[in-house]
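S.K.: Here it is: the structure, laid out below.
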Amino acid sequence: MIFLETDSDPAEWLLMPLRWDSIDERQEWAQMNADMLWRLREKRPKRREIRSLAKRLDMLAEGIPGRIPAHQVFLYAPDPRRIPLAFYALTVPAEGDRATQLREAVQADLDSPVRPTEVGTFTTDRLGEGFRSLRYWNSRGGASMVSLNFAWRSKEFGIDLSVRTVADDPDWLAAHLDEADNFARSLWLTAVAEGSPVA
């Protein structure tokens, strides 16, 4: 089993479990993280603020698994007043031409009607050379959308790795692009024994 790790600030980048033994366990995780995120930023956060964030985290933890393809999910939560932004990590067996497969993983050639997709190489010390893209479109309701996509091929593990997020506030994501890029640079792959307690 291949596991993605990061040494990014755990107070801003939360690893969200994708399996739960019970609803109580999921809600306890949401409550604990909401409390931590607020207390790191304010000495005396209001209980209703903690409850509100806990509800958002619980809704994400309930709604994402099984709905969006991912082996791991990290939540970017720099501001407890906002809904955390989910980053989805997916691994697939490495097959075919590397550049072709990685360009497909970052949606380099999909339609981008709002403005051309921005695609370039993205190299990290731990994962090597990959690709990164920003793709823009409008939702059916007319909202501006943007996806930030990364992909690498690991010869060591024989897999292609993609990490992706989708935001409905392109300006906010643009303002946090350096943080997202730094998160991507912090990632590495490791082998984990089957049955180990990971997300």
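The values are calculated or read from the model by the stated rules, or taken from the named source; none is laboratory data. Keep in mind it's a predicted model, so treat the numbers as computed, not measured. A quick note on method: Cβ atoms are made from the backbone with ideal geometry, for glycine too, and the neighbour counts reach across all protein chains shown. Note: areas computed on protein heavy atoms with side chains; ligands, DNA, RNA excluded. Shrake-Rupley method; radii C 1.70, N 1.55, O 1.52, S 1.80 Å.
S.K.: Can you put ASP9, ASP160, ASP21 in order of accessible area, largest first, using a 1.4 Å probe?
M.R.: If we order ASP9, ASP160, ASP21 from most to least accessible, we get ASP21, ASP9, ASP160.
S.K.: For segment 12-56 and segment 100-150, write down the distance between their C-alpha centroids in whole Å.
M.R.: Value for the Cα centre distance between the two parts: 30 Å.
S.K.: Under the 0.36 nm per residue contour assumption, what length would be gained going from the current alpha-carbon distance of TRP20 and ASP7 to full extension?
M.R.: Using 0.36 nm per residue and subtracting the Cα-Cα distance, I get 2.3 nm.
S.K.: Let me ask something else about it. Give the angle, between 0 and 90 degrees and rounded to the nearest 10, that separates the Cα long axis of helix 23-39 from the longest principal axis of the Cα atoms of the chain.
M.R.: 90
S.K.: Return a whole-number percent for the relative contact order of the chain, with Cα pairs under 8 Å and 6 or more residues apart as the contact set.
M.R.: The value is 24 percent.
S.K.: So, one more: Enter the accessible area of ARG98 (Å², nearest 10), with the probe set to 1.4 Å and all protein chains included.
M.R.: 80
S.K.: Give me the log10 of I(q) over I(0) for segment 101-196 at q = 0.14, 0.19, 0.20, 0.24 Å⁻¹, as the Debye formula computes it from C-alpha points; what are the numbers?
M.R.: Ignoring solvent entirely, the Cα scatterers give -0.56, -0.91, -0.97, -1.25.
S.K.: Taking a ≥ b ≥ c as the square roots of the eigenvalues of the Cα gyration tensor of the chain, is the shape rounded (a/c under 1.5), prolate (a/b larger than b/c) or oblate?
M.R.: oblate
S.K.: Taking only protein heavy atoms into account and a 1.4 Å probe, give the accessible area per residue of the chain in Å².
M.R.: 56
S.K.: OK, next. Compute the relative contact order of segment 141-191 as a whole-number percentage, counting only Cα pairs closer than 8 Å that sit 6 or more residues apart in sequence.
M.R.: 32 percent.
S.K.: Given a 1.4 Å probe and heavy atoms of the protein chains only, how would you sort MET16, MET1, MET36, largest accessible area at the top?
M.R.: Largest accessible area first, the list is MET1, MET36, MET16.
S.K.: Quick check: at a probe of 1.4 Å, how many percent of the accessible area of segment 76-136 sits on carbon and sulfur atoms?
M.R.: That share works out to 47 percent.
S.K.: Quick one: putting +1 on the C-beta of Lys and Arg, -1 on the C-beta of Asp and Glu, what dipole do you get for the chain around its Cα centre, in Debye to the nearest 20?
M.R.: The calculation lands at about 740 debye.
S.K.: Could you work out the helix-only [θ] at 222 nm for the chain, with each DSSP H run of four or more residues adding -39,500 (n - 2.57) and the total divided by the number of residues, to the nearest 500 deg cm²/dmol?
M.R.: -9000 deg cm²/dmol
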